[in-house]
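Working notes, beginning with the structure itself.
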Amino acid sequence: MKKSTLLLGICLSLTVITYGQKLSKKEARQILEKAWNCVKTSDTLGFVKLWIIDNKQWPYHAESFDAKQVELNFLGFKEFFDTALAKNMKFDEVECDTVEHIDPHYDFSKYYIKAWFKYNNNYRKGFGFYMDYINKQWLIRFSPDYSYESRSSK
């Protein structure tokens, strides 16, 4: 009984070490701020270094994701958040969630993190990243997600 309990403990420990890396909300904020600072300072190389570039199949696309895609997304990022950049806005909210099994990104990502900018009480924009733990660090997988929410005022 002791041997089986010890063996079970070792197996669980290895599983936790290998797959059990958790991304805290604080770490998520730091990653999002690092990406945002790269965009604010036009640091394309710093932005690219936040990504995993391993030519995995890009969900919803017929090609692999590479450094060129990150650079193109960098330009799109600057365009989508031009007002937030011009106003030097700070994050209003940060989210950090595990990736759902039904999402194609699940095959390669463990977490989804997102930052929101509040433009006013009725409008906000956000960006999010799929995250994976590779070589003892959290890195972004595939293209960023951009979104906005608009509420009608009454």
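The values are calculated or read from the model by the stated rules, or taken from the named source; none is laboratory data. Remember, predicted model here, so these are calculated numbers, not experimental data. Because the Cβ atoms are built from the backbone with ideal geometry, glycine has one as well, and the counts that use them run over all protein chains shown.
When residues of the range 111-154 are filtered for being within 15 Å of Cys96 (Cβ to Cβ), without any contact (Cβ under 8 Å) to a residue 40 or more places away in the chain and among the small types (Gly, Ala, Ser), how many remain?
Qualifying residue count, the range 111-154: 2.
So, in the range 69-88, how many residues would count as being more than 18 Å from the chain's Cα centre (by Cα) and either closer than 23 Å to Leu139 by Cβ or part of a loop (DSSP other than H, G, I, E, B) (or both)?
Step one: filter the range 69-88 for residues more than 18 Å from the chain's Cα centre (by Cα), giving 79, 82-88.
Going one step further and asking which of them are either closer than 23 Å to Leu139 by Cβ or part of a loop (DSSP other than H, G, I, E, B) (or both), we end up with 87-88.
Total satisfying the criteria: 2.
Here is a list: Phe47, Phe91. Which entry is at pLDDT 85 or above, part of a helix (DSSP H, G or I) and out of contact with any Pro (no Cβ under 7 Å at 6 or more places or on another chain)?
Numbers: Phe91 fails: part of a helix (DSSP H, G or I).
Result of the check over Phe47, Phe91: Phe47.
Name the single residue, out of those in the range 50-68 being among the charged types (D, E, K, R) and either in contact with a Ser or Thr (Cβ under 6 Å, 6 or more places away or on another chain) or within 23 Å of Lys136 (Cα to Cα) (or both), that is modelled with the lowest pLDDT.
Lys56
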